[in-house]
Amino acid sequence: MDGTTAPPVARAPVGGRPFRLAVPRVSGILHPRQLAVSAFLAAAVFLALCWDLSVGEYGIPLTDVARALTGSGDAGTLLVVRELRLPRAMVGLLAGVAFGMSGALFQTMTRNPLGSPDMIGLTHGAGTAVVAGIVLGWDFGLGTQALGILGALTSALLVYGLAWRRGTTGYRIVLVGIGVSWICLSATDFLLARGSRFQAQEALGWLVGNLNGRDWQQAGPLTAALVVLFPAALLIGRLMRTLQLGDDVATGLGTRVQTVRLVVLLTGVGLVAFATAAAGPVAFVALAAPQIAQRLCRTAWPPPLAAGLTGALVVLASDVVAREVIPGTELPVGIVTGVLGAPVLLWLLIRVNRAGSGG
């Protein structure tokens, strides 16, 4: 074994039904519980989307929102729902899916429930790049979104390179990632202290994770990224299952451990990079969503599809709370997810410590 933290004990899924298709030649096992949970989460995400579109200074009944999404209804409702509110809500939905799936990939790869992009420096690397662009003017004409993607990719390469020692292990990736995360946080704090008041305000509005003012300009690149990365995350899920048995056993079963780990890393980084570029580093979604999905599905690892749907539900519900908790004030969505996610982090730390590997 590589010394990584063992995943939380979970009941193995039961009732799996094998299937095989002649064209295309695909085989696998269907798990009815995972399908049922995913269908329930998809319905809940749609309801949360309608709820998010209904709230605001001009309240709209949920039935009118549903009709507006299909293109029917009066002109005023169509304008508010489809043109003014839908882009913001879609950014939240897509970012939640990307954060949830990315967290599931990293937690499975590292075999550690704490191995999420929040904890290993990827979102913080994106934040440092964006703040540097705002304060120092090092944007090179790229814009906030491109800087966020570049920062996350740079952090990922740094973590992977420093964790490499004749290969990588989940344990080293988590430890190195935590160190890189704190370096990025310190650099960000220094840049904020150096910048002017207006620059600091602009940077903080992005760093906390915010859906205010988001439009199709942010939703477009994230949608394009998910078209490619969403199916990739589902496909590599099968390859990662042998990693749960440890590197030695996985190698003995014919799995190219380092190749799989690199593919998972690139896919997860792509998901979190585009999500962070669109909505900012929304706190704790990538950490909490996979754990919630894992327990709903009763699997031994976080299922990527259910984790993505859970992430979307968390972001949309948190956005509604952020807009309604203080009348007349729209809080950044990251504040609400931070309040909700902090207890989840403490709970995970307690579980890891009780497992005997938390120090």
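Condition first: surrounded by 17 or more Cβ atoms within 10 Å (Cβ to Cβ), under 30 Å from Leu53 (Cα atoms) and among the β-branched types (Val, Ile, Thr). Can you find one or more residues in region 135-147 that meet it? Yes: region 135-147 contains one or more residues that are surrounded by 17 or more Cβ atoms within 10 Å (Cβ to Cβ), under 30 Å from Leu53 (Cα atoms) and among the β-branched types (Val, Ile, Thr). The combined condition, being open to solvent by 70 Å² or more (accessible area, probe 1.4 Å) and closer than 14 Å to Ala277 by Cα, is fulfilled by Leu150.
Output the number of residues of region 113-132 satisfying the condition of being surrounded by fewer than 24 Cβ atoms within 10 Å (Cβ to Cβ) and in a loop (DSSP other than H, G, I, E, B).
Of the residues in region 113-132, the ones surrounded by fewer than 24 Cβ atoms within 10 Å (Cβ to Cβ) are 114, 132.
Filter again for in a loop (DSSP other than H, G, I, E, B), leaving 114.
Of the residues in region 113-132, 1 are surrounded by fewer than 24 Cβ atoms within 10 Å (Cβ to Cβ) and in a loop (DSSP other than H, G, I, E, B).
Before we move on, is Trp164 under 26 Å from Arg256 (Cα atoms), without any contact (Cβ under 8 Å) to a residue 40 or more places away in the chain and surrounded by fewer than 19 Cβ atoms within 10 Å (Cβ to Cβ)? I'd like the intermediate steps shown before the answer.
On the way: under 26 Å from Arg256 (Cα atoms): yes; without any contact (Cβ under 8 Å) to a residue 40 or more places away in the chain: yes; surrounded by fewer than 19 Cβ atoms within 10 Å (Cβ to Cβ): yes.
Answer is yes for this residue.
When you look at Thr329, is it open to solvent by less than 30 Å² (accessible area, probe 1.4 Å), of a type in the set (S, T, N, Q) and part of a loop (DSSP other than H, G, I, E, B), yes or no? The answer is no for Thr329. When each of Arg256, Arg238, Arg261 is tested for being surrounded by 19 or more Cβ atoms within 10 Å (Cβ to Cβ) and among the charged types (D, E, K, R), the lone residue that passes is Arg261. Scanning region 105-148 for residues that are of a type outside the set (A, V, I, L, M, F, W, C) and under 16 Å from Ala307 (Cβ atoms) yields Gln107, Thr108, Thr110, Arg111, Asn112, Pro113, Gly115, Ser116, Pro117, Asp118.
There is no residue in region 35-42 that is under 30 Å from Thr329 (Cβ atoms), at pLDDT 65 or above and assigned to a loop (DSSP other than H, G, I, E, B). Taking the numbered list (1) of a type outside the set (Lys, Arg); (2) farther than 29 Å from Gly137 by Cβ; (3) surrounded by fewer than 18 Cβ atoms within 10 Å (Cβ to Cβ); (4) at pLDDT below 90 in turn, Pro231 passes all entries but (4).
Do we find that Ser155 is at pLDDT 90 or above and crowded, with 24+ Cβ neighbours inside 10 Å in this structure? Answer is yes for this residue.
Within region 163-170, can one find any residue that is touching a Ser or Thr at 6+ places or on another chain (Cβ under 9 Å) and assigned to a helix (DSSP H, G or I)? Steps first, answer last, please.
Within region 163-170, the subset touching a Ser or Thr at 6+ places or on another chain (Cβ under 9 Å) is 163, 169-170.
Then drop every residue that is not assigned to a helix (DSSP H, G or I), which leaves 163, 170.
Yes: one or more hits.
In the set (1) open to solvent by 60 Å² or more (accessible area, probe 1.4 Å); (2) at pLDDT 95 or above, the condition left unmet by Ala312 is number (1).
Here is a yes/no grid of residues against (1) part of a loop (DSSP other than H, G, I, E, B); (2) touching a residue at least 12 places away in the same chain (Cβ under 8 Å); (3) open to solvent by less than 10 Å² (accessible area, probe 1.4 Å):
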site	(1), (2), (3)
Arg67	no, no, no
Gly71	yes, no, no
Arg85	no, yes, no
Leu93	no, yes, no
Ser102	no, yes, yes
Met109	no, yes, yes
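Residues in region 253-283 that are modelled with pLDDT of 85 or more and either outside any helix (DSSP H, G or I) or more than 18 Å from the chain's Cα centre (by Cα) (or both): 4 in all.
For region 204-228, a tally of residues being over 24 Å from Cys184 (Cβ atoms), open to solvent by 50 Å² or more (accessible area, probe 1.4 Å) and not in a loop (DSSP other than H, G, I, E, B) returns 6.
The values are calculated or read from the model by the stated rules, or taken from the named source; none is laboratory data. Worth saying up front: this structure is predicted, and the values here are computed from it rather than measured. Every residue, glycine among them, receives a Cβ derived from its backbone with ideal geometry; neighbour counts consider all protein chains shown. In case anyone asks, the SASA skips ligands and DNA or RNA and just uses the protein heavy atoms, side chains included. Shrake-Rupley method; radii C 1.70, N 1.55, O 1.52, S 1.80 Å.
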